[in-house]
Amino acid sequence: TELDLTFNTEKTTFKSVLSLIPAVYMSDFETIKTDGNFALNGMAKGKMVGDNLPAFNLDLKVDNGRFQYPDLPKSAENINIDLNVKNPGGSDDNTIVNLKKFHVELAENPIDMRMLVKTPVSDADIEGNIKMDFDLASLADVMPTENGEEYKGKVNADINLKGKVSTLEAEDYENFDANGSMTLEGIVYNDPELGYPVQLNKADFKFTPQAIEMAELNCLLGKSDITGTGTIANYIPYTFSDGTIKGVMAINSNLMDLDELAGPDEETTEVSENEETQETSDQETTSAPADSSEGAVEVPGNIDFVLTSNFKKVLYDNMEMTEMIGKIIVRDQKVSMENLAMNMLGGSLNMNGFYETTNLKKPTIDFKMAIKKFDVPQTYTTFNTVKEMAPIAENATGSFSTAMTLTCALDGNMEPVYETMNGGGDLQTHMVKISDSETLNKVADALKKDNLRTLVLNDVNITYEFREGRVWVEPFDMKLGDLNANVSGSNGFDQTLDYLIKTAIPMDALGAGAGMAKGLLDQFNQKAGTNASLGDEIKVDLRITGTNDKPKIMPSFGSGSGDAKTQAKDELKKQAKEEIDKLKKEAEAKARAEADRLKKEAEAQARKEIDKAKNEAEAKARTEADRLKK
């Protein structure tokens, strides 16, 4: 594209330049009284090929401008602007922006600024100054305000900048001049649309080439009070060359109401006449792919910020957290928490870990948490994830403690992608009582024990793992009413159940089946002269499947075939037969042992008699021999 253009304004009244200001900032435009001169002219000449620009020049001047709203007592006076933007052609880095002068007096409050920027793309070369001494209360005398809007306080600033951004990036601070200060004091701002008042008691900033030092911050945002100090470094490269801004701040607060600061919830709107189209749109939104980044919060890569917090009370999403202390670090597209500790949900939490967005379509979290004595009902109603991980908590009271690790990808709505969840930990219960659970009710029905409809778990230790979209529980021992039980299995985030309870029930619960088995064993005892018994209970396995709302209980006695009563009878018969076979084997072994003993005793007695006879014969022979010799 080849250009050869010149342009200039025909209307030179100051009101013409005011017409360029959006109506939202300049209401009742037609009634404004103005004075002063305005000139705008420029040119563009040459070829525009790819990234190469033609030569261009733009001049904007305002001389002795003035405007005043007829219903307000004061005006904006002595408005003087001299701006030139030019480029000899070629690279956009050849552009020179020269704001030679900007001066305005708003209700006798002067604001002055000048700024020269060269080589803005490769290495911004800056020379500028901003100076103001401003009483915000006087704004209402110059500019119309909406009902309820209020401005108060003073802003005093005198800031100078001169040098190249590259000198700061090389930490050659001696060759860059940045000095000055800005003080905001007694600032009050009220806007009904904001929803809460802003009161900045004092903010004191000192400017150096290295950093902006915040010597003091003291403010109220609605009910939230904030005090702090800190340093913001590398602010010039961040502003002019997309460098990394760095900061270290310490913030204290007695009350931080994040719900109020987030503003009111968006009002729900009525369904329009084109309801069908709206529903279709909603369905398309709902069915968006899980890796959509529409709602993901991006952590910028050019921010390196360390915040040390000490908050006495924090209110967020119906939660109250107290004594929140710790360190929050924003770095490398991560928000990391180091030893962030707080009291909440009736207990305490210590957290380490991070949220990162190196892949914005699939942000991830990686946390280690130490939880002590969280109240179960509060935890269940507060966190949707707990409803998926432990649905039985809906019917529970008491508290729990756990040390847990968790890694997981998040979807576009910042919700966990459960199939990617890994980790686990150890959990301890503190007087946890579960009542009105459909699962427990069905267990009680299966075992014919009404006292199992309420379960108390105290000092029970449970080891769990997140894997394959499920929570896997390693075998653990517990009291199931008055029964000893061992539990293992898993539940899915889709609410499916797959648990095994191993226990033993009293023999009396089996009625006639138990009597039949005992009768068989009694008959054997009478014949064999023994005193064997089956004991007072029988082992049973309970397989729990289905879902949390519709659990299925399958008791298994022995082989597990047939209905529960048949299984129980078969198992008792089997146990009785096993006991009889055992006694038979014991009797046979005892008889064999007795026979072996008698045989050994007889053989020993025979050897003894033989030896005795032999000895007597030998003795008689010797005596007869001695007599014959004589």
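The values are calculated or read from the model by the stated rules, or taken from the named source; none is laboratory data. Computed from a prediction, not measured in an experiment: that's the story for all the values here. Every residue, glycine as well, gets a Cβ built from its backbone with ideal geometry; the counts of neighbours run over all protein chains shown. With ligands, DNA and RNA removed, areas are computed over all heavy atoms of the protein, side chains included. Shrake-Rupley method; radii C 1.70, N 1.55, O 1.52, S 1.80 Å.
Rank-order 618-625, 333-340 by packing density, defined as the average count of other C-beta atoms within 10 Å over each peptide's residues, highest first.
333-340, 618-625
Return the tail of the calculated pair distribution for segment 114-177, meaning the percent of Cα-Cα pairs more than 15 Å apart.
On the way: 1321 of 2016 pairs.
The calculated P(r) of segment 114-177 puts 66 percent of pairs beyond 15 Å.
What's the center-to-center distance, using Cα atoms, between segment 611-630 and segment 191-260 in Å?
One Cα centre to the other: 127 Å.
Which whole-Hz couplings ³J(HN,Hα) result when phi for each residue of segment 147-160 is put into the Karplus expression 6.51 cos²θ - 1.76 cosθ + 1.60, θ = phi - 60°, listed in order with x for Gly and Pro?
4, x, 6, 8, 10, 8, x, 10, 10, 10, 9, 8, 10, 10
Can you tell me the length gained on complete extension of the stretch Ser19 to Asp596, counting 0.36 nm per residue apart and subtracting the Cα distance?
195.4 nm
Roughly how many Å is it from the Cα centre of segment 388-449 to that of segment 1-67, as a whole number?
66
Given a Förster radius of 51 Å and the C-beta distance between Thr397 and Glu216 as r, what FRET efficiency does 1/(1 + (r/R0)^6) yield to the nearest 0.05?
0.60
Please list, in chain and number order, the residues 5+ apart from Arg467 or on another chain whose amide H is under 5 Å from its amide H, with Hs placed from the backbone.
Counting only residues 5 or more places away or on other chains, the set is Trp472.
Per q in 0.15 Å⁻¹, report the Debye log10 I(q)/I(0) for segment 381-484, using one uniform scatterer on each alpha carbon and no solvent.
-0.72
Between Glu320 and Ala587, how many nm apart are label points set 7 Å from Cα along the C-beta direction?
Modelled inter-label distance: 7.5 nm.
7 Å from Cα along Cα→Cβ at both Asp172 and Glu603: what's the point-to-point distance in nm?
If labels sit at Asp172 and Glu603, their model points lie 10.9 nm apart.
Give me the Kirkwood hydrodynamic radius of segment 322-447 in Å, from all C-alpha pairs, to one decimal place?
16.2
Kindly give the semi-axes, whole Å and largest first, of the ellipsoid equivalent to segment 1-145, taking each as the square root of 5 times a Cα gyration tensor eigenvalue.
For segment 1-145, the ellipsoid semi-axes come out as 33, 19, 12 Å.
Which of the GluC sites (Glu not before Pro) across segment 438-481 are loop residues per DSSP, with 14 or fewer other Cβ within 10 Å?
Counting only loop positions with at most 14 other Cβ atoms within 10 Å, the GluC sites (Glu not before Pro) in segment 438-481 are Glu468.
Apply 1/(1 + (r/R0)^6) to the Cβ-Cβ distance of Leu194 and Lys552, taking R0 = 60 Å, and write down the FRET efficiency to the nearest 0.05. If you can, show how the numbers build up before the last one.
Working: r = 54 Å, r/R0 = 0.91.
With a Förster radius of 60 Å, E is 0.65.
Find, among the GluC sites (Glu not before Pro) in segment 184-218, those assigned to loop by DSSP (not H, G, I, E, B) with at most 10 other beta-carbon atoms within 10 angstrom.
Glu193
Over the Cα atoms of segment 136-269, compute the convex hull volume and normalise it per residue, giving Å³.
Cα-based convex hull of segment 136-269, divided per residue, equals 154 Å³.
Check which residues have an amide H placed less than 5 Å from Gly243's amide H, if you skip close sequence neighbours.
Long-range HN contacts for Gly243: Tyr238.
Please compute the contact order of segment 409-483 in relative form: average sequence separation of alpha-carbon pairs under 8 Å and at least six residues apart, divided by the residue count, as a percent.
34
From the phi of every residue in segment 63-75, what ³J(HN,Hα) in whole Hz does the Karplus formula 6.51 cos²θ - 1.76 cosθ + 1.60 yield, where θ is phi - 60° and glycine or proline is x?
Working through the residues one at a time gives 10, 6, x, 7, 8, 8, 7, x, 8, 10, x, 10, 10 Hz.
Calculated FRET efficiency, Ala250 and Lys154, Cβ-Cβ r, R0 25 Å, to nearest 0.05?
The computed FRET efficiency comes out at 0.45.
Quick one: Karplus J couplings for segment 212-218, per residue in order, coefficients 6.51, -1.76, 1.60, θ = phi - 60°, nearest Hz, x for Gly and Pro?
The phi angles translate into 9, 9, 9, 6, 7, 9, 8 Hz.
At 1.4 Å probe size, put Val198, Val142 in order of accessible surface, largest to smallest. Let's see the in-between values first.
Values: Val198 35, Val142 0 Å².
I get Val198, Val142, largest accessible area first.
With a 1.4 Å probe and all protein chains kept in place, how much accessible area does Asp242 have, in Å² rounded to the nearest 10?
Near enough 110 Å² of accessible area.
In the structure shown, do any of Lys479/Lys550; Lys45/Lys162; Lys539/Lys585; Lys86/Lys162; Lys74/Lys131 have a Cα-Cα gap over 27 Å, and if so which?
Over 27 Å apart, Cα to Cα: Lys45/Lys162.
Excluding Glu338 itself, calculate the net charge of residues whose Cβ lies under 14 Å from the Cβ of Glu338, where each Lys or Arg counts +1 and each Asp or Glu counts -1.
Net of charged neighbours comes to +3.
For segment 1-97, state which trypsin sites (Lys or Arg not before Pro) are in a DSSP loop and have at most 11 other beta carbons lying within 10 Å of their beta carbon. Write down the numbers at each step before the final one.
Values: sites: Lys11, Lys15, Lys33, Lys45, Lys47, Lys61, Arg66, Lys74, Lys86; in loops: Lys11, Lys74.
In loop regions of segment 1-97 (DSSP not H, G, I, E or B), the sparsely surrounded trypsin sites (Lys or Arg not before Pro) are Lys11.
In nanometres, what is the gap between the two model label sites at Phe7 and Ala370, each 7 Å from Cα along Cα-to-Cβ?
Result: 6.6 nm between the two label points.
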